[in-house]
Structure formats: C-alpha cells, structure tokens
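Structure first, then comments.
Just so you know, all these numbers are worked out from the coordinates, no wet-lab data involved. In this text the structure is predicted, and so the values were computed from the model without any measurement. Quick reminder, even Gly has a Cβ in these numbers, built from the backbone with ideal geometry, and neighbours come from all protein chains shown.
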C-alpha cells in the first residue's frame, strides 16, 4: 500500500491558492494537513477549502515544523523568507518545495543547497514553466542533440504594461528586485535547462527605473504607486558561459515594446534553432535548403478521445511527489536553481557598478 504524504503549506497567498493547493488537492496520495500564514485568516480560509477535519492552522512556521508527522513543506512566502523557512524545514526532516526564485540572495541559495545535502531530504524550486508541453518537447529535442551545440540563446520575459501592484512585488527589501527576479528568473531557468549549461563565466547587466515613477500609468492591474515602486522596471543581461556560449536575458514589467513574451527562450545551435514565440518552431537546414517547422503539440485531435490532460501545475506537483516516492532527483534540482540565482544577482551587481561580474575568481 502506497504512503500518503502529509503536506504543510507555509504562505497561503496568491501562488499557494493559484498553483500549489489546487494541484495538490488532485493527487490521491497527499493530504494537506497544516496551513500557515502571518495573516492567520488566510491560513484558516485555506484550511477550510483544502484541508481535512484534523488540519491545523498556524501563524508561526516554527510551530509547523515541530510536527513530526509532516513529510513535506511547501514554501510560498515572499522571497526574503524562502531560505530561512526552507533550511529550517530541511533540518526538521521535511522534503521542501520552495517557490521561485530560490532565495533573495545567491548566498542564501547556496545555504539552501548545503542544507539539502546535509539533511538528505529533497529540495526543489517552483519553476513551473518547465512543465509546459512546449518546454517538455523542446527539452527532449535538446537532449537528443537535434539542435547540436547550443551556443547562442535569448531568455524572454517582457511585458508591455503588467506591473504586479499587490503584495510585496514592488518592495525591494522583501523581494530582492523587480521583473528580473520575478519573471526573468523563469526565462533564464528555461534557457539554462534547454542548454544543459550551468557554468557561467562572466555577466554584464543593466537595470532601469524609467517608467516606474509615472503617475496614473496604464497597467494591466491598475496604476502603481510610484512611491512604493522601489524595484527596477526593466533589467537586461548578457551572460557568457565557460564554454563560450552567450545568453541574452531581457526582463521588464513595463517597456515600450510590442515584442511581448514571457517565460520563453530562443535557441541557436550548430544543427538547428528553436523559439517559443507564438508556438514552438524549429528551424534548420536540410539538403541545402532552409526549413522552419511549427510543432503541433496537441495529440490526437478527437474531443471524446483526448480526454483531460494535466495542467502545467498539475504535472509539476505530480512529478515532485513521484520524485519523493521513487527517491529520484526532482525535475528542478537545487543546484540548477542556485545557478539561476547567482546569475540574477550578478546582473544586479553589474548594473549597480557598471562593471562585468566574473565567476570563479
């Protein structure tokens, strides 16, 4: 008889309600038994919706970790609390899924990696865009060598006007940054994963506060308060890897551009290229002719036959629990996520100093 895993949710806000709890509730071998939030009413609401009769509500995460019956902790808090809670949970003998980015700082991310190794428990980071059908298919092509050596790539995270005005997104102290650490992190994670390249050599970055101080600006979620907009509105980076490959990372919540893409990448290899703009496209050369192929990602096409498929979040949660059940590495390893945090921090540092940031020196 398979084990039923007991899960605690720490942070019962938007990402917990939008992704973690709905998808976990669909799994038969898990139970959400503890809900924690500094706003205890949020924890109570989550417990009522997703918990069972014996589910407990907490205001302090340290009390949650005292429960030896809890197997897994999901950390869904603002960025500045990720490392503290994740490390404490690992040291308490729990497996941990932590929302992206891994941590507010690269130093904290490295401490999380060390804690996972020390505890022997599994740690993963919520880079859910790896679980999209186009991402899964492109990653398989890259693994199979269809693109050859990928030596140039672009990581896309551009919004024309979509600044998140709720929660602590605009608070640099809580988040560590703006669009770069919020959505740029997804695009960079995808790109590194496709390239299977986690050895940066040098990073050059820029960041901007060009539109953030405008009053009554057009925005998908209503005007922002310029006084509270303490993070960048745009940031860009050029990353050179140890093997000479180049990655261009673009991220913005507010940019005068019609080239809007988010959590996408474009890849150029010795045998072919790919991009995720408007669907997945593969390009290359065959018999002295150039070709472009649009990949059809829907199987079948017969409504009554296809049935209901996992959402990206459903697949992410299912594969995470399977990694614990089967004692295998999670799809997103802490070592991979740590490199993402290190590169993002290097872009911020380069933007601040005007100098390139070198690794391994």
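Quick notes on this structure:
- Mean Cα-pair separation over length for the chain, i.e. relative contact order, pairs under 8 Å, 6 or more apart, %: 19
- Pairwise FRET efficiency - residue 310 versus residue 149, Cβ, R0 = 30 Å, nearest 0.05: 0.40
- Relative contact order of region 64-108, taken over Cα pairs closer than 8 Å and 6 or more residues apart, is 45 percent.
- Across region 103-258 the C-alpha pair distances fall into 10 Å bins from zero in the proportions 10, 33, 34, 19, 4, 0 percent.
- The order of 119, 257, 234, going from fewest to most other C-beta atoms within 10 Å of their C-beta, is 257, 119, 234.
- Helix content alone sets the calculated 222 nm mean residue ellipticity of the chain: runs of n ≥ 4 DSSP H residues at -39500 (n - 2.57) each, divided across all residues, give -8500 deg cm²/dmol.
- Panel note: the C-alpha atoms of region 202-341, placed on their principal axes, show extents of 52, 45, 36 Å (largest first).
- Each of 61, 5, 358 was scored by other Cβ atoms within 10 Å of its Cβ. Arranged with the fewest first, they read 358, 5, 61.
- Per-residue Cβ neighbour rank within 10 angstrom, fewest leading, 199, 298: 298, 199
- Shape category assigned to region 38-104 from the gyration tensor of Cα positions, a/c cut at 1.5: oblate
- Extension gain (nm, one decimal) between residue 208 and residue 173, 0.36 nm per residue minus Cα-Cα: 10.9 nm
- Classified by the C-alpha gyration tensor, region 13-53 has an oblate form. Its axis ratio a/c, with a ≥ b ≥ c, is 1.5 or above, and a/b does not exceed b/c.
- Whole-number D in µm²/s for region 1-130 (Stokes-Einstein; Kirkwood sum over Cα pairs; 37 °C, 0.692 mPa s): 227
- Of all DSSP-defined beta bridges confined to the chain, some 60% are antiparallel rather than parallel.
- Inter-part distance where region 1-71 and region 261-280 are each reduced to a Cα centre, Å: 37
- With the simple spin-label model, which puts each label point 7 Å out from Cα in the Cβ direction, the residue 28 to residue 349 separation comes to 5.0 nm.
- Near-label residues of region 319-361 by backbone N, under 13 Å of a point 7 Å along Cα→Cβ of residue 199: 360
- Normalised by the number of residues in region 148-293, the mean separation of alpha-carbon contacts (under 8 Å, six or more apart) gives a relative contact order of 37 percent.
- Expressed per residue, the C-alpha convex hull volume of the chain stands at 168 Å³.
- Shape call, region 310-352: gyration tensor on alpha carbons, a/c limit 1.5: oblate
- Pair residue 49, residue 139: separation of 7 Å Cα→Cβ label points (nm): 2.8
- Packing-based order for 158-167, 77-86, using average beta carbon neighbours within 10 Å, highest first: 77-86, 158-167
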